[in-house]
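Asker: Below are the structure tokens for one structure; questions will follow.
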Amino acid sequence: MTMTRLTLFLLFTSLSTFTFASTVDSIDLETYLRQNNIQATPAEDGLYYQLEQEGSGKQSQRGDYVMVNYVGKLLNGKVFDQSGDEPFIFQLGYRQVIRGWEKGIPLFKVGSKGKLFVPPHLGYGTTGAGKVIPPNSILIYELEVLEIMDYTAYDRYMAALDEKERIAFEQQQKSQFSTDKKRIHEYASSKKLRTKRLPSGISYSLKKKGKGNLPKDGDKITFHYEGFLLDDKVFDSSYKRKEPFNFQ
């Protein structure tokens, strides 16, 4: 399964470009915590964290695969990213996540819930991330550390997840196939078309049977066509272009 969540993309920017928030419309993290009466524990390099529930499991170390649920927010409360239906898994210490996570996740034992308050230089710095995270943004992550795995456990988990997704995809395809057959049948009936269905699910109706050979793999075909939707709206037509289509 491919993880492409924005918040965990690592920006490969030189460390020299990371600076603390200093623009007029930015606020220092310590000031934000003080003004909002948030009791958070300072950690390394300007990071703060808050434990709402301390777990009884172990703490992650470099090389561990860490499974978490999370919600990422800006100071105005806007959610810019979250783990969704499936937990997020990453390998600690291999630049797969922002520096704030690399430094902050090991502070949470398995079973712990809490928050990470990430200063800009441990997040997306002076650059930000597109239109989602402005430059010099303090990031707040609501976190729950679910599990720590070695490579064998991680590989086993991912194999099970792939199988789950395969089954769900096949079920969705089967359902869609049934729906499509019904829609095609209803359309053909409304147009009084006599159709035949191929094993692939494609149905066809001949207006005029030709006398030539059937095409086979490798043949070069020249033909006219018109493509339209079930509401009879034409979306493409070689007739309108007055030029037949060719393909092998």
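The values are calculated or read from the model by the stated rules, or taken from the named source; none is laboratory data. This structure is a prediction, so every number in the text was calculated from the model and none was measured. Quick reminder, even Gly has a Cβ in these numbers, built from the backbone with ideal geometry, and neighbours come from all protein chains shown. Heavy atoms of the whole protein, side chains included, go into the accessibility calculation; ligands, DNA and RNA do not. Shrake-Rupley method; radii C 1.70, N 1.55, O 1.52, S 1.80 Å.
Asker: Let me check I've understood the local charge: for Glu44, count other residues with C-beta under 13 angstrom from its C-beta, Lys and Arg +1, Asp and Glu -1. What total comes out?
Answerer: 0
Asker: Further question on the same structure: Explain nothing, just the number: relative contact order of the chain, from Cα pairs under 8 Å at least 6 residues apart, as a whole percent.
Answerer: For the chain, the relative contact order is 18 percent.
Asker: Per residue, how many Å² of accessible area does the range 132-173 show with a 1.4 Å probe?
Answerer: 59 Å²
Asker: Determine, for each peptide in 90-102, 147-159, the mean count of other beta carbons within 10 angstrom over its residues, then list the peptides with the highest first.
Answerer: So the peptides 90-102, 147-159, ranked by packing, come out 90-102, 147-159.
Asker: Zone of Gln176 (label point 7 Å along Cα→Cβ, backbone N under 19 Å): which residues in the range 189-227?
Answerer: Those under the cut-off are 198-203.
Asker: Further, regarding this structure: With everything on Cα atoms, drop me the angle between helix 151-190 and the longest principal axis of the chain, reported from 0 to 90° to the nearest 10.
Answerer: That works out to roughly 30 degrees.
Asker: Using the crude model of +1 on Lys and Arg Cβ and -1 on Asp and Glu Cβ, and no other charge, please compute the dipole size for the chain relative to its Cα centre, in debye to 20.
Answerer: With Lys and Arg at +1 and Asp and Glu at -1, about 2200 debye.
Asker: How would you classify the range 58-110 from its alpha-carbon gyration tensor, with a ≥ b ≥ c the square roots of the eigenvalues: rounded for a/c under 1.5, else prolate if a/b is greater than b/c, otherwise oblate?
Answerer: Note, shape of the range 58-110 comes out prolate.
Asker: With all protein chains present, calculate the accessible area of Lys113 using a 1.4 Å probe and round the result to the nearest 10 Å².
Answerer: The value for Lys113 is about 80 Å².
Asker: A follow-up question, please. Can you give me the % of accessible surface on the range 156-248 that is carbon or sulfur? Probe 1.4 Å, all protein chains present, nothing else counted.
Answerer: Carbon and sulfur together cover 54 percent of it.
Asker: Determine, from the Cβ-Cβ distance of Glu44 and Ala168 and an R0 of 51 Å, the FRET efficiency 1/(1 + (r/R0)^6), rounded to the nearest 0.05.
Answerer: 0.80
Asker: Apply 1/(1 + (r/R0)^6) to the Cβ-Cβ distance of Ala160 and Lys131, taking R0 = 45 Å, and write down the FRET efficiency to the nearest 0.05.
Answerer: 0.80
Asker: At a probe radius of 1.4 Å, what is the per-residue accessible area of Val110, in Å² to the nearest 10?
Answerer: Its accessible surface works out to 30 Å², give or take rounding.
Asker: Here are several values of Cα Rg over 2.2 N^0.38 Å: [x] 0.96; [y] 1.57; [z] 1.05. Which one was derived from the coordinates shown?
Answerer: [y]
Asker: Highest first, please rank the peptides 202-213, 229-240 by the mean number of other Cβ atoms sitting within 10 Å of their residues.
Answerer: Ranked from most to least packed, the peptides come out as 229-240, 202-213.
Asker: Going from most exposed to least, what order do Phe228, Phe117 have by accessible area with a 1.4 Å probe?
Answerer: Order by accessible area, largest first: Phe228, Phe117.
Asker: Still on this structure: Based on the Cβ-Cβ distance of Leu206 and Gln248, what FRET efficiency does E = 1/(1 + (r/R0)^6) give at R0 = 30 Å, to the nearest 0.05?
Answerer: 0.80
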